[in-house]
1. Could you list all residues from segment 120-175 that are without any contact (Cβ under 8 Å) to a residue 24 or more places away in the chain, among the small types (Gly, Ala, Ser) and either outside the structural domain of Gly209 (by TED's automatic domain parsing) or in a helix (DSSP H, G or I) (or both)?
2. Being more than 16 Å from Glu74 (Cα to Cα), of a type in the set (A, V, I, L, M, F, W, C), open to solvent by 20 Å² or more (accessible area, probe 1.4 Å) and within 15 Å of the chain's Cα centre (by Cα) narrows it down to one of Leu215, Leu239, so name that one.
3. Looking at segment 242-266, which of its residues are open to solvent by 20 Å² or more (accessible area, probe 1.4 Å) and either in contact with a helix residue (DSSP H, G or I) (Cβ under 8 Å, 6 or more places away or on another chain) or not assigned by TED's automatic domain parsing to the domain that holds Gly99 (or both)?
4. (1) surrounded by 19 or more Cβ atoms within 10 Å (Cβ to Cβ); (2) within 28 Å of Glu27 (Cβ to Cβ); (3) not hydrophobic (A, V, I, L, M, F, W, C): which one isn't true of Glu204, the others all being true?
5. Here are Thr344, Thr369: which of them is part of a loop (DSSP other than H, G, I, E, B), loosely packed, with under 14 Cβ neighbours inside 10 Å, modelled with pLDDT of 95 or more and hydroxyl-bearing (Ser, Thr, Tyr)?
6. Please find, among Gly317, Gly305, the residue that is open to solvent by less than 60 Å² (accessible area, probe 1.4 Å), outside any strand (DSSP E or B) and out of contact with any helix residue (DSSP H, G or I) (no Cβ under 8 Å at 6 or more places or on another chain).
7. Do we have any residue at all in segment 186-201 that's over 29 Å from Leu93 (Cβ atoms), in contact (Cβ under 8 Å) with a residue 12 or more places away in the chain, not polar (S, T, N, Q) and not in a strand (DSSP E or B)?
8. If I filter segment 1-41 down to residues being β-branched (Val, Ile, Thr) and either open to solvent by less than 70 Å² (accessible area, probe 1.4 Å) or not assigned by TED's automatic domain parsing to the domain that holds Met55 (or both), which single residue comes out as farthest from Asp51 (Cα to Cα)?
Amino acid sequence: MSDLKRLGLHDLHVELGGKMVPFAGYEMPVQYPAGVMKEHLHTRSAAGLFDVSHMGQVILRPKRGMEALCLGFEALMPVDVLGLAEGRQRYGLFTNETGGILDDLMFAHRGDHLFVVVNAACKEADVAHLRAHLGDVAEVEFLADRALIAVQGPGAEAALAALVPGVAAMRFMDVGIFGWQGAALWVSRSGYTGEDGFEVSVPEAQAEGFVRALLAQEGVAPIGLGARDSLRLEAGLCLYGHDIDTGTSPVEAGLSWAIQKARRAGGAREGGFPGATRILRELAEGPERRRVGLRPEGRAPMREGVELFAADGTPLGKVTSGGFGPSVEAPVAMGYVPASYAETGTVIEGEVRGKRLPVAVAEMPFNPTTYKR
């Protein structure tokens, strides 16, 4: 793993018993001694702490005012940036000319600039994309000196509020800046588990002290990539490069909720983003295929790559994410099928080790979300 980058908290993960594996160019903890199942259930019942410092953190500072910056950023995706209120965060998607997804991301309006968090595997390409398209309206600053920590689960608020009391008043997708022992913490009430929780950007110099202080709180445990994946799968959340990619449109991916009225047909700023022709057409007419939840019968998981078939043997598509859902105590998966097979309850087949087994199209999320609205 010598060619892999190391997280700033690498030594702490090793000290905590983290099993380090390659992920998105980094050595990352996949699990700790408790194991994936217990870590998953602990997050759902108490509070899990995740080191997600491999993600890309970017600040966009306006050169010609915030309105010009917001409109420029908005031209890269089918999302309403101009309408985002100060102190709020929104989910976004960079699209390409054919309506595919270059990356999914979070962006926050922080008064005099935008703060953007992008996926680790895409961050260099995303920064280049931003610099190429926003050079006239923004300074694009890639931050290499801040860690990113997520605290997720029903105990997350109490744990973080013990260190930073002001966070308890935040709602889902609020953002704010708080002080802790002289460090500026950039906090959002959001996450990737379906649970209430927070993501906290902290200066790297103070990251270890901050994480140790969180782990000292009652009910907080370190959680690895394995449980992060099973938690987001139960929540029906996409993983870039698996459930969404450059060939997938936001509409067929079930992400139409992220396209606000202002950018749709008849909206104040209709279209004007890469791939608008395809995306607006699919919004109006429906896509040819859809991402769906899948519940295999029995106990055997259907993992990524499993081929899906109709009962008469017609190939339908593939599973894009799948595994065992510890909270629902059953296998869960998601994948793409033709729109005519996407209705909840439709029974199709997945081929596992040469045998075709029944799998039902199901509603997502598989586990109810608990965001604080």
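1. Matches in segment 120-175: Ala125, Ala128, Ala132, Ala161, Gly166, Ala168, Ala169.
2. Leu239
3. Scanning segment 242-266 gives Ser256, Arg264, Ala265.
4. Condition (1) is where Glu204 drops out.
5. It is Thr344.
6. So the residue among Gly317, Gly305 that is open to solvent by less than 60 Å² (accessible area, probe 1.4 Å), outside any strand (DSSP E or B) and out of contact with any helix residue (DSSP H, G or I) (no Cβ under 8 Å at 6 or more places or on another chain) is Gly305.
7. Looking through segment 186-201, none of the residues is over 29 Å from Leu93 (Cβ atoms), in contact (Cβ under 8 Å) with a residue 12 or more places away in the chain, not polar (S, T, N, Q) and not in a strand (DSSP E or B).
8. The residue in question is Val36.
The values are calculated or read from the model by the stated rules, or taken from the named source; none is laboratory data. Computed from a predicted structure; not experimentally measured. Virtual Cβ from ideal backbone geometry, glycine too; neighbours counted across all protein chains shown. All accessible areas refer to the heavy atoms of the entire protein, side chains included, with ligands and DNA or RNA removed. Shrake-Rupley method; radii C 1.70, N 1.55, O 1.52, S 1.80 Å.
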